[in-house]
Amino acid sequence: MTSITRKLPRTIESRYKAIRFAKNKKDSLPPAGNILSVATTTRLDNIVVSYEAAYNDLGLKQSTYSGNTPLKNVAKGRSKMFTSHFIQVFNLGVARGIYNAAHRALYKLEVGSDALPEMLTEEDIISWGNKIVTGDAQRITVGGAPMTNPTAPEVQTEVSAFVGLFTSQSNLKDTLDTAEETLEALFDETDKVIRKVWDEVETFYNEEEADSMRNNAREWGVIYITVGAESTISGKITGTVPPPGPGLPVAVANATILVLESDDLTLSDANGDYTLKTKFVGTTKIKVTADGYADYEVEIEIAEAQTITLNAVLTPL
């Protein structure tokens, strides 16, 4: 057994679609054809203006943040490379007797070891780059031979470039968070307006047959879904979260695969494979998330007892 029920939006995008759809329908009618109450019409017009402004601002902030990310990542790689190369060249010079092993201490390196320090985080890369720049100035002061290929100033150039973009990315993240909070603050009123609009639309058509009522309500953006009975599985989604690019053999394990409209979820296994069972039937979005990767979303249609294959290629941050 299945039942048809109304499904209120739950995401940023679906909320925007719902209020914009209703306003477009209302605006397309002559005043006398508007079936919404005056109060609801006013609330709908007002929330569209507020939500649309915040929605568009969030999109702009997301675009700016995402655009800065690859620039920061390139600078990060160069900063780490120059710092690592400096230390390796210095250690090779120590082995040849050109540089004094005791001078490793000026870089905060272990005097008796030629091991490279760990630079796992962005903070590590910045910290070791600064130690190289500061330490080399001290080494030259006490009579150490100048380093080349790379020089300390070359390291400083790369580290400074990375610090600038790192700081910029942090500031852009702050403005992105603020934009998200501004939009989220509108959710409560937006949800109330959507519910009010849908209630009034359904009430206006409630003397018609159920199918006809739903067809008319859909013209105002009302969403109906078919939900499978509690004892049945309506659909199944299978697939994999493969490596993000050629030459990368490791699939994405422990990625979360979520059906947004029903909250059914699962995790990918060590091979990136997953199977997600759901009682949901209808149109929904699938969201795939994993640490270190950008979120992946796709809209799909799930039919009764259908098996869907969905492979989600994630983009590294």
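All but one of (1) surrounded by fewer than 16 Cβ atoms within 10 Å (Cβ to Cβ); (2) touching a Ser or Thr at 6+ places or on another chain (Cβ under 8 Å) hold for A102, so report the exception by its number.
(2)
Please go through (1) touching a helix residue (DSSP H, G or I) at 6+ places or on another chain (Cβ under 6 Å); (2) in a loop (DSSP other than H, G, I, E, B); (3) touching a residue at least 40 places away in the same chain (Cβ under 8 Å); (4) not basic (K, R) for M119 and return the number of the only condition it doesn't satisfy.
Among (1) touching a helix residue (DSSP H, G or I) at 6+ places or on another chain (Cβ under 6 Å); (2) in a loop (DSSP other than H, G, I, E, B); (3) touching a residue at least 40 places away in the same chain (Cβ under 8 Å); (4) not basic (K, R), M119 violates only (3).
Of the residues in segment 229-251, how many are in contact with a Ser or Thr (Cβ under 6 Å, 6 or more places away or on another chain) and either surrounded by fewer than 18 Cβ atoms within 10 Å (Cβ to Cβ) or modelled with pLDDT of 80 or more (or both)? Talk me through it step by step, then tell me what you get.
Our first condition is that a residue be in contact with a Ser or Thr (Cβ under 6 Å, 6 or more places away or on another chain); within segment 229-251, this holds for 235-236, 238-239, 241.
Those still in the list that are either surrounded by fewer than 18 Cβ atoms within 10 Å (Cβ to Cβ) or modelled with pLDDT of 80 or more (or both) too: 236, 238-239, 241.
Matching residues across segment 229-251 total 4.
If I ask for residues that are loosely packed, with under 11 Cβ neighbours inside 10 Å, under 33 Å from the mean Cα position of the chain (by Cα) and not charged (D, E, K, R), which ones from segment 105-126 would you list?
Listed by number, the residues that qualify are L120, T121.
If I filter segment 168-207 down to residues being loosely packed, with under 13 Cβ neighbours inside 10 Å and not in a helix (DSSP H, G or I), which single residue comes out as modelled with the highest pLDDT?
That would be A185.
Looking only at residues in segment 60-99 that are of a type in the set (D, E, K, R) and in contact (Cβ under 8 Å) with a residue 24 or more places away in the chain, which one is surrounded by the fewest Cβ atoms within 10 Å (Cβ to Cβ)? Reasoning before the result, please.
We begin by selecting, within segment 60-99, every residue of a type in the set (D, E, K, R); these are 61, 72, 76, 78, 80, 96.
Checking which are in contact (Cβ under 8 Å) with a residue 24 or more places away in the chain leaves us with 61, 72, 76, 78, 80.
Numbers: K61: 20, K72: 21, K76: 20, R78: 15, K80: 20.
Among residues in segment 60-99 that are of a type in the set (D, E, K, R) and in contact (Cβ under 8 Å) with a residue 24 or more places away in the chain, the one surrounded by the fewest Cβ atoms within 10 Å (Cβ to Cβ) is R78.
Checking N216 against (1) surrounded by 15 or more Cβ atoms within 10 Å (Cβ to Cβ); (2) under 23 Å from the mean Cα position of the chain (by Cα): exactly one of these is not met. Which one?
Every listed condition holds for N216 apart from (2).
The values are calculated or read from the model by the stated rules, or taken from the named source; none is laboratory data. Everything numeric here is computed off the predicted structure, so don't read it as measured data. Neighbour counts run over all protein chains shown; Cβ positions are idealised from the backbone, glycine included.
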